[in-house]
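Before any comments, here is the structure.
Just so it is clear, none of the values below were taken in a lab; they were calculated from the coordinates. Please read these numbers as outputs of a predicted model, since none were measured by experiment. When we count neighbours, we look across all protein chains shown, and the Cβ atoms used for this are built from the backbone with ideal geometry, even at glycine.
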Amino acid sequence: MSLPRPLIPVFLPAGSFLAALTGDVMTIRTLFVILAILAVPHGIAFVLFPFQLNAIYGMEHSSSVELVSRLFGALLVGIGSIIWLARDFRENAAVRAVLMSGVVSYAIGLVVVVMATLAGTMNAMGWFATLIYLFGTVGCGYFLITQKRLTRGACRDAPPLRHSASC
């Protein structure tokens, strides 16, 4: 008997009983793919259509807001591209660096967007952005906390990397 599949990905250790029942195991690779797919289209939309996106989020129209929105969009495209490429990283230190920077940036973004939504700077759509930042924070944090030592090809299940003096 198997349990129904959840609508959203869950973070379950590969060897856990619940993971065996549901068949749903979040890997670092899957996390990176999801985060990249969330970042890049949002970034492109902010670069190309800043006024429309700001209106959806309930933000005011001005040339300053347009400029910051376009810069934010460019940053999202860059970060999404890095995360997309990181899905195939094989070096322990590289994957760990992407996860650490992910935790920091998503956590800061989470605090900022929650404050903006509560203050009324953003409308109820701000809670959608909150969920994206929460997902990124929890996802990156989960893999940093649960894996003391990432393995070679952490994004692709490969044999463990031997410890070297540079680690």
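Here are some notes:
- Sequence-separation-based contact order of the range 27-146, relative, with Cα cut under 8 Å and 6+ spacing, percent: 30 percent
- Legend: calculated FRET efficiency, I37 to E66, from the Cβ-Cβ distance at R0 = 35 Å, rounded to 0.05, equals 0.90.
- Using a simple spin-label model with pseudo-atoms 7 Å out from Cα toward Cβ, L48 and E91 lie 3.4 nm apart.
- Peptides 66-77, 25-36, 115-126 ranked from most to least packed give 25-36, 66-77, 115-126, packing being the mean of other C-beta atoms within 10 angstrom over each peptide's residues.
- Fully extended contour minus Cα-Cα distance, from T30 to N123, at 0.36 nm per residue: 30.5 nm
- Annotation: extensible slack from S105 through S81 equals 7.1 nm (criterion: 0.36 nm per residue apart, minus Cα-Cα distance).
- Global form of the range 27-146, assessed from the alpha-carbon gyration tensor, a/c cut-off 1.5: prolate
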